[in-house]
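This report refers to the structure that appears directly beneath it.
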Amino acid sequence: MSKQVSARAARRAVVAVAEPERRYLALWFPFLSSDRARRAPGDAGPTDAPLVLVAREGGTIRVSAVDSRAQAHGVAPGMPVAAAQALVPDLAIHDVASEADQDWIERIADLCERYTPMVALDESDGITLDLTECAETFGGEDALLTDLETRLGNWSDDVRHALAGSPAAAQALARFRTMPAANAAAALRRLDVAALRLPADTLATLRDAKVKTIGDLAACPAAAIAEHFGEDTAEALERLFGTDDAGLDPRRRLPALTFERGFAAPITRIRPLRAAITALAAEATAVLEARHQGGRRFCIRLFHSDGTVRTLAIKTALPVRDPTLLVRLFRERIAALADPLDLRTGCDLIRFALPRVEPLAPTQLRLEGGVADAPGERTRIRRSAANDSALPEQGVLGL
């Protein structure tokens, strides 16, 4: 009887520590450059005019990126501008701005960090999020996706997304369309082998061997795949189906401690913002005190309703955990901003983070009374001297 109870207890323990099912969300922006250009200061021309971005290649100006309207008219990247204008006489033309495009995708990734700190860029036009154990905070995956799509409306006219159990699978399903399937694994098998994102010569070898879909390749023995198409092909297939999931390498190093406040009614004034910062500083320093730790760098990220994110950071020479000091330093930081805070769009989430923490032992009061040195005060070298006092307990050498 006792052995049966022990066996059941052991099974319950195994269930309790089981790893959660991994869930990844991939976003792909097929018209990122034109999305950014249309929203750039000065506008990209009439709203309904097809748009292309161009660059000089040798002696010819060619199309580098298109929007959905230009694509619908047959305009494609690599085409000479003259040929594109022959197809679409009222074509809106802008120069390529690669740095601006990179800044654009980085800002969208900042927006995505309101849902999870595990956010990674996927090439120059995609983002992947690790939503494992995060979606329930927002009411489930469907609610999270609805909220995200609404916020992305300020940044993109066309975003494609997919959820799967590995980053590679989510990215493949977002970038390569397929017919509806019963589950993600079945959908992956229907994808073209291009979804493996292998070099062009490897893809050509696969097609020469009549391997056209992921399902065709997955039907081959693993050893045969590595032998005939290379180890990279076998590893890409394993990543796709999650058997070799290394997870995400987030774009930002995860902080040691994070605290946050969300607001149903976005903050639009500085006073409630200061109150929220004060509350977060108190919460953070209480945890630090319990751990006998301190921080030398503190960051606040303000997530606005329109998807923009503002970051404020302060540094100290030595580890501290004094909430009054932190609040004062953040107020001074806000007052000194060259680009003042704009709360007109409303801030609905504040995140207070400590990138690193360091040991900080409790401070001992001085033997002769008074307060200890303030945090950050430099230790000074002093000489011993006689200390006269009417109180016998204070008749000691003053240090």
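The values are calculated or read from the model by the stated rules, or taken from the named source; none is laboratory data. This is a predicted model, so every value here is computed, not measured. Quick reminder, even Gly has a Cβ in these numbers, built from the backbone with ideal geometry, and neighbours come from all protein chains shown. When the accessible area is computed, the model is the full protein with side chains, heavy atoms only, and any ligands, DNA or RNA have been set aside. Shrake-Rupley method; radii C 1.70, N 1.55, O 1.52, S 1.80 Å.
Structure notes:
- Against the criterion of solvent-accessible heavy-atom surface with a 1.4 angstrom probe, 190, 321, 62 sort, most first, into 190, 62, 321.
- Spatial separation of Cα centroids for segment 329-351 and segment 170-192, in angstrom: 43
- Heavy atoms of the protein chains alone define the surface here; on that basis segment 99-140 has 39 Å² accessible area per residue at 1.4 Å probe size.
- For residue 258, the accessible area of its heavy atoms, probed at 1.4 Å with every protein chain present, is near 70 square angstrom.
- Taking every protein chain into account, the 1.4 Å probe leaves residue 73 with about 100 Å² of accessible area, to the nearest ten.
- Rounded to the nearest 20 debye, the dipole size of segment 233-305 about its Cα centre is 760 debye, using +1 on the Cβ of Lys and Arg and -1 on the Cβ of Asp and Glu.
- Calculated log₁₀ intensity ratio I(q)/I(0) where the Debye formula runs over C-alpha points of segment 177-315, q = 0.11, 0.12, 0.22 Å⁻¹: -0.68, -0.70, -1.39
- Of the solvent-accessible surface of segment 301-350, computed with a 1.4 Å probe over protein heavy atoms with every protein chain present, carbon and sulfur atoms account for 54 percent.
- log₁₀ of I(q)/I(0) at q = 0.19, 0.25, 0.26 Å⁻¹ - segment 87-172, Debye sum with one point per alpha carbon: -0.92, -1.45, -1.54
- Amide proton proximity set for residue 67, modelled H, under 5 Å, gap of 5+: 51
- Nonpolar atom fraction for segment 215-291, defined as the carbon and sulfur part of the 1.4 Å probe accessible area, stands at 49 percent.
- With DNA, RNA and ligands ignored, accessible area of residue 212 (1.4 Å probe; Å², nearest 10): 120
- Accessible area per residue for segment 167-281 is 57 Å², calculated with a 1.4 Å probe on protein heavy atoms, without ligands, DNA or RNA.
- Relative contact order of segment 195-289, pairs being alpha-carbon contacts under 8 Å that are 6 or more residues apart, as %: 19
- Percent accessible area from carbon and sulfur atoms, segment 68-166, protein chains only, probe 1.4 Å: 48
- Kirkwood Rh, angstrom, segment 113-264 [1 / mean 1/r, Cα pairs]: 17.2
- Whole-Å distance, taken between Cα centres, linking segment 68-131 and segment 240-260: 25
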